[in-house]
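One structure is given here, and the rest of the page talks about it.
The values are calculated or read from the model by the stated rules, or taken from the named source; none is laboratory data. None of these values were measured; they are calculated from a predicted model. All Cβ positions, even for glycine, are placed from backbone atoms using ideal geometry, and neighbour counts span all protein chains on display. Side chains included, ligands, DNA and RNA excluded: accessible areas come from the protein's heavy atoms. Shrake-Rupley method; radii C 1.70, N 1.55, O 1.52, S 1.80 Å.
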Amino acid sequence: MENNDSPTNSALLTTWKKPYEYADHGYKNTPVPDEGVLLSWQNGRVMKDGRPVDPFTNADIYFHQYLLVHRRVRGDGPLPRLKRLQRQQARGSDTEDVMFWLRWDRDHADTPVGTFGPASDTYAAFLGSTNGSAAAFLVIQYGDQLGVSKITSIELTKAQDLVFLFG
């Protein structure tokens, strides 16, 4: 589908419930395997009675979309190493809680931009959030196929994007 924010001007929209039952249902991302990049625009996991309806996690969706684009462009063979996952405007409630804490800790109302490494509490807090857990599970579940073994840093941008860099 068309996506003007993307450098490719397109995104994959993955859904599997037909008819489209929920307006926020679907996973819209732009994988660019040749550059080792995965841009995440919208990931609407449907919940019903406090439990997920969708059978897959964001990590599952990310991996399979990355694989799909690679196969469409390059065919079979090893996947290029994933270098960066960028979640646009990460606004999950628990991610917002981390950002609120950072604002309070810095005593400033602006988005607390910065880069956080594995030794920081902020790094751990972001990985424990809904928006961060997908990056962690990419390493745990799909690290061998993606050529990654760790998340080297997490950057929070002014636009509230979370950028995960892999090593």
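Could you list all residues from segment 113-160 that are in a loop (DSSP other than H, G, I, E, B), small (G, A, S) and out of contact with any Asp or Glu (no Cβ under 6 Å at 6 or more places or on another chain)? Lay out the reasoning, then the answer.
Step one: filter segment 113-160 for residues in a loop (DSSP other than H, G, I, E, B), giving 113, 117-120, 128-129, 147-150, 157-160.
From the residues that got through so far, the ones that are small (G, A, S) too are 117, 119-120, 128-129, 147, 149, 159.
Those that are in a loop (DSSP other than H, G, I, E, B), small (G, A, S) and out of contact with any Asp or Glu (no Cβ under 6 Å at 6 or more places or on another chain): G117, A119, S120, G128, G147, S149, A159.
Against the list (1) within 30 Å of D34 (Cβ to Cβ); (2) surrounded by 13 or more Cβ atoms within 10 Å (Cβ to Cβ); (3) under 17 Å from the mean Cα position of the chain (by Cα), the condition R91 fails is (2).
Would you confirm whether any residue within segment 127-148 is over 25 Å from F56 (Cβ atoms) and either open to solvent by less than 30 Å² (accessible area, probe 1.4 Å) or among the aromatic types (F, W, Y) (or both)? Write out each step before concluding.
From segment 127-148, those over 25 Å from F56 (Cβ atoms) are none; that's our starting set.
No, there is no match, as no residue in segment 127-148 is over 25 Å from F56 (Cβ atoms) and either open to solvent by less than 30 Å² (accessible area, probe 1.4 Å) or among the aromatic types (F, W, Y) (or both).
Going through segment 97-119 one residue at a time, which ones are of a type outside the set (F, W, Y) and either modelled with pLDDT of 95 or more or surrounded by 15 or more Cβ atoms within 10 Å (Cβ to Cβ) (or both)? Scanning segment 97-119 gives V98, M99, L102, T111, P112, T115, G117, P118, A119. Any idea which of (1) farther than 24 Å from P80 by Cβ; (2) open to solvent by 30 Å² or more (accessible area, probe 1.4 Å) is the one Y123 doesn't satisfy? Of everything listed in (1) farther than 24 Å from P80 by Cβ; (2) open to solvent by 30 Å² or more (accessible area, probe 1.4 Å), Y123 misses just condition (2).
When restricted to residues that are aliphatic (A, V, I, L, M) and either free of Cβ contacts under 8 Å to residues at least 24 places away in the same chain or over 14 Å from L162 (Cα atoms) (or both), segment 103-119 contains 2.
Flag not set for D161, criterion: acidic (D, E) and farther than 30 Å from R71 by Cα. Note on segment 132-160: residues that are under 15 Å from F116 (Cα atoms), touching a Ser or Thr at 6+ places or on another chain (Cβ under 9 Å) and not hydroxyl-bearing (S, T, Y) total 6.
Can you tell me which residue in segment 57-88 is farthest from S133 (Cα to Cα), limited to those that are open to solvent by less than 90 Å² (accessible area, probe 1.4 Å) and assigned to a loop (DSSP other than H, G, I, E, B)? Residue satisfying both the conditions and the ranking: G75.
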